[in-house]
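The values are calculated or read from the model by the stated rules, or taken from the named source; none is laboratory data. Note that the coordinates shown come from a computational prediction; the quantities given were computed from them, not determined experimentally. Cβ sites come from the backbone with ideal geometry, for glycine too, and all protein chains shown count toward neighbours.
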Amino acid sequence: MRNVAVSCHGITKAFDSGENQVLALRGVDWEVRFGELTLLVGPSGCGKTTLISVIAGLLDATSGELEVLGEDMRRLRGTDAVVFRRRNLGFVFQQFNLLPSLTAVENAAVPLLAARVPRRTAVARASELLAELGLGHRLNALPSKLSGGQQQRVALARALLHEPKLIVCDEPTSALDHETGHAVMELLKRVAVREDRAVIVVTHDSRVFEFADEIAEMEDGSIRSEGLEAVLEGELVERI
Amino acid sequence: MNFVAIQMLLGDRIKYLGLVTAVAFSTFLMSHQSSIFAGVMNRTRSQILDVQDAGIWVMDPATQYFDEAKALPDQALYRVRSVEGVEWAVAMRKGTPVARAADGTFRTVILMSVDDDSLAGAPRHMLAGSLADLRQPDSLFIDRAAYYYFFPNQPFRTGRVFEINDHRVTVSGIFESSAPFTNLPIFYARYSEALKFQGRERNMMTYVLVKAKPGVDENTLCQRIARETGFHAMTTQEFGWATIDYYFKHTGIPLNFGITITVALLVGTLVAGQTFYIFTLENLKQFGALKAIGVTNWRITSMILLQAGMVGAIGYSIGIAMTAAFYEYFSKNVDLRGFFLPWQIATGTAGAVLVIIVIASFMSIRRVLVLEPAVVFRG
């Protein structure tokens, strides 16, 4: 297996804004490797969210070459792209985005339900995973009855349940206090990072940098610097 | 994902109940008002359909509907009888004299006549007395509703006396009839008796009732009677529909009911549509998350249709049950007889609810389909 999970070359993304075009990505060159937890950091509005949306196939790049898990993303269109996401990607969102009327275990089971796995099987597997993540006693609780940290653990279970090869996390700790955020990142590092899986975490929370295997810093639509030491040496914390 | 769709719908109890209530009351109003309308229209022809011996009605060519007919000359009967294909033809009188009971209670009644010899045209469903009792002099039959009106809370008993046009007449039978449009009591008497009770006019015969010979097509016979006598002839069904058609075109009944039914449809569509759209908007992030996770547009569409279909099915069931319960509850009320929920209206209302649901879900589906799944990354 190639060690590179995500490969971006000259990725641009332009949005129409009335008569003008806004260039959110200005030729991104970046690689994400399997077996690592990679942080994508940078100030607000620098293009982090746009970049992970493009990598995840939620947005199409305007130009450039993008390969995700060996698949040329320019060739994936419509249902093929949806099926690719369903099979290979897991998501953790900033606001958790759990379905409020489903219990914790049902929320975690959603990716398998989407793949037409029978509900009983999906729920059984989700129960096991939630127990592993320390939520075995809250399986049937609604999201409104869970703390922020517990909700994010349910979201993590939802991202992991179908054994995806790439996990994309958008600001997973920004809605949590320091202690809870730290616990969630520990969990992410412990259960999500595997030899055959890559994890991208978008964040501007400098307190979670210690969990990174790699860091890429974005600025104004492109990668400013890459590599753990290079980024940290560049007084990253002050800039973001 | 059907499970997820249903849970999403049931999770927001207030909106779910609002949606179901909107569809239920819309269903109730549409089916209830349509049934009342159908009942009212059917009442306009009920006395025509109650005459089951004859299949053809002969009348003055200017007659448009049952309740208003110009009397025919006596020779009309003989001319009709002479037409080939006529098995028998009898005179019929329909009048509206005033009947007064012994206690002074009076009311305008519909007095229908039957043939003196054969009793053709007589009511079939007797509740007291027998058909032969009509042969007694100065006797008549009255319908159940008339009996209840004149003799409330009293058991059926013949022999009661009325005064009609200074004539003393005796009730020799009580029968069940279809409710007339005007809700007036219905009396039956032999033709000669009916003429006697109502006093003489130059022409007394309202209709000629005709029975076609076996094997003779009634429509063909109608044309032949019209051609050979100059009178107008219609089959029972044709005359019934002509009467309905008259009331439909010349009264405000269809317009008023039509407005109510249309408003029920519009309000149901708007309330259900708006509530469902708001429900979808509030779940937009969740739908975005599902799209990001890998749920196809087709599955999302089917989820929304399932939610809408469930609301429609439950709302319709409640609404149609309310209508059915209404008519069941009032089925014992003699003044409301003839009103019921026809299966055609139940089916038609289901179609209207389907339209409501399709329109209500269309906007929601459109909104979700154009939703960029990347929206989930925007905090």
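Note on the stretch B:49-84: residues that are over 19 Å from B:Ser118 (Cβ atoms) and among the β-branched types (Val, Ile, Thr) amount to 1. Across the stretch A:76-110, the qualifying residues are those that are at pLDDT below 85 and more than 18 Å from the chain's Cα centre (by Cα), and the one among them that is surrounded by the most Cβ atoms within 10 Å (Cβ to Cβ) is A:Leu76. Restricted to the stretch A:172-190, and to residues there that are hydroxyl-bearing (Ser, Thr, Tyr) and farther than 19 Å from A:Glu132 by Cα, the residue that is modelled with the highest pLDDT is A:Thr173. Within the stretch B:64-78, being crowded, with 24+ Cβ neighbours inside 10 Å and not in a strand (DSSP E or B) holds for one residue alone: B:Phe66.
Residue by residue, here is whether (1) surrounded by 23 or more Cβ atoms within 10 Å (Cβ to Cβ); (2) away from chain A (no Cβ under 14 Å); (3) of a type outside the set (S, T, N, Q) holds:
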| site | (1), (2), (3) |
| --- | --- |
| B:Gly215 | no, yes, yes |
| B:Ile259 | no, yes, yes |
| B:Leu265 | no, yes, yes |
| B:Leu281 | no, yes, yes |
| B:Arg299 | no, no, yes |
| B:Ile304 | yes, yes, yes |
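What about A:Leu51, is it within 14 Å of the chain's Cα centre (by Cα), part of a strand (DSSP E or B), crowded, with 24+ Cβ neighbours inside 10 Å and within 14 Å of chain B (Cβ to nearest Cβ)? For A:Leu51, the condition - within 14 Å of the chain's Cα centre (by Cα), part of a strand (DSSP E or B), crowded, with 24+ Cβ neighbours inside 10 Å and within 14 Å of chain B (Cβ to nearest Cβ) - is not met. The residues of the stretch B:140-159 that are among the aliphatic types (A, V, I, L, M) and under 20 Å from B:Ser130 (Cβ atoms), listed by number, are B:Leu140, B:Ile142, B:Ala146.
Scanning the stretch A:105-128 for residues that are part of a helix (DSSP H, G or I), under 19 Å from B:Gly288 (Cα atoms) and either in contact with an Asp or Glu (Cβ under 7 Å, 6 or more places away or on another chain) or touching a residue at least 24 places away in the same chain (Cβ under 8 Å) (or both) yields A:Asn107, A:Ala108, A:Ala109, A:Val110, A:Pro111, A:Leu112, A:Ala114. Against the criterion of being over 23 Å from A:Lys13 (Cα atoms), in contact with a Gly (Cβ under 6 Å, 6 or more places away or on another chain) and within 14 Å of chain B (Cβ to nearest Cβ), A:Ala114 qualifies.
Within the stretch B:120-164, being touching a residue at least 60 places away in the same chain (Cβ under 8 Å), more than 31 Å from the chain's Cα centre (by Cα) and surrounded by 15 or more Cβ atoms within 10 Å (Cβ to Cβ) holds for B:Phe162, B:Glu163, B:Ile164. Within the stretch B:342-350, none of the residues are among the small types (Gly, Ala, Ser), within 24 Å of B:Val23 (Cβ to Cβ) and within 14 Å of chain A (Cβ to nearest Cβ). Tallying residues that are in a strand (DSSP E or B), closer than 21 Å to B:Ser178 by Cα and not acidic (Asp, Glu) within the stretch B:135-150 yields 3. Pairing residues of the stretch A:28-50 that are closer than 9 Å to A:Ala216 by Cβ with residues that are assigned to a helix (DSSP H, G or I), at Cβ distances under 7 Å and at least 6 apart in sequence or on separate chains, gives A:Leu39/A:Phe209; A:Leu40/A:Lys48; A:Leu40/A:Leu51; A:Leu40/A:Ile52; A:Val41/A:Leu236; A:Gly42/A:Lys48. Taking the stretch A:162-171 as the range and being in a loop (DSSP other than H, G, I, E, B), within 13 Å of another protein chain (Cβ to nearest Cβ) and over 12 Å from A:Leu129 (Cβ atoms) as the test, the residues that pass are A:Pro164, A:Glu171.
Taken as a whole, the condition of being part of a strand (DSSP E or B) and under 29 Å from the mean Cα position of the chain (by Cα) applies to B:Val208. Taken over the stretch B:247-271, the criterion of being among the aliphatic types (A, V, I, L, M), at pLDDT 85 or above and within 20 Å of the chain's Cα centre (by Cα) is satisfied by B:Ile253, B:Leu255, B:Ile259, B:Ile261. Scanning the stretch B:351-379 for residues that are surrounded by 18 or more Cβ atoms within 10 Å (Cβ to Cβ) and over 30 Å from A:Val168 (Cα atoms), we see that the one that is farthest from the other protein chains (Cβ to nearest Cβ) is B:Ala352. Figure legend. Inter-residue proximity from the stretch A:91-103: first residues on the phi > 0 side of the Ramachandran plot, second residues surrounded by fewer than 22 Cβ atoms within 10 Å (Cβ to Cβ) and not polar (S, T, N, Q), beta-carbon distance below 6 Å, spacing 6+ or different chains. Indicated pairs: A:Asn97/B:Lys285. Evaluated against (1) touching a Ser or Thr at 6+ places or on another chain (Cβ under 7 Å); (2) within 14 Å of chain A (Cβ to nearest Cβ); (3) not hydrophobic (A, V, I, L, M, F, W, C), B:Gly315 falls short on exactly one condition, (2). Just a yes or no: is a residue in the stretch A:149-161 modelled with pLDDT of 90 or more and assigned to a loop (DSSP other than H, G, I, E, B)? Checking the stretch A:149-161: at least one residue is modelled with pLDDT of 90 or more and assigned to a loop (DSSP other than H, G, I, E, B). Among the conditions (1) surrounded by fewer than 19 Cβ atoms within 10 Å (Cβ to Cβ); (2) not in a strand (DSSP E or B), the only one that A:Arg224 does not satisfy is (2). Only one entry in B:Lys291, B:Lys285 is charged (D, E, K, R), more than 14 Å from B:Ala22 (Cα to Cα), crowded, with 21+ Cβ neighbours inside 10 Å and within 14 Å of chain A (Cβ to nearest Cβ), namely B:Lys291.
The set of residues in the stretch A:54-80 being free of Cβ contacts under 8 Å to residues at least 40 places away in the same chain, within 10 Å of another protein chain (Cβ to nearest Cβ) and of a type in the set (A, V, I, L, M) consists of A:Leu58 alone.
Every condition in (1) modelled with pLDDT under 90; (2) more than 12 Å from chain B (Cβ to nearest Cβ); (3) touching a helix residue (DSSP H, G or I) at 6+ places or on another chain (Cβ under 6 Å) holds for A:Leu130 except the one numbered (1).
Within the stretch A:172-219, the set of residues being among the charged types (D, E, K, R), part of a helix (DSSP H, G or I) and buried (at least 17 other Cβ atoms within 10 Å of the Cβ) comprises just one member, A:Lys189. All of B:Leu49, B:Leu19, B:Leu10 fail the test of being away from every other protein chain (no Cβ under 14 Å), on the phi < 0 side of the Ramachandran plot and surrounded by fewer than 19 Cβ atoms within 10 Å (Cβ to Cβ), apart from B:Leu49. Pairs meeting the criteria (first residue in the stretch B:88-107 and in contact (Cβ under 8 Å) with a residue 60 or more places away in the chain and closer than 15 Å to B:Ile142 by Cβ, second residue hydrophobic (A, V, I, L, M, F, W, C) and part of a loop (DSSP other than H, G, I, E, B), beta carbons under 6 Å, at least 6 apart or on different chains) are B:Ala99/B:Val109. Within the stretch A:9-27, can you find the residues that are in contact with a Leu (Cβ under 7 Å, 6 or more places away or on another chain) and closer than 23 Å to A:Pro172 by Cα? Result: A:Leu25, single match.
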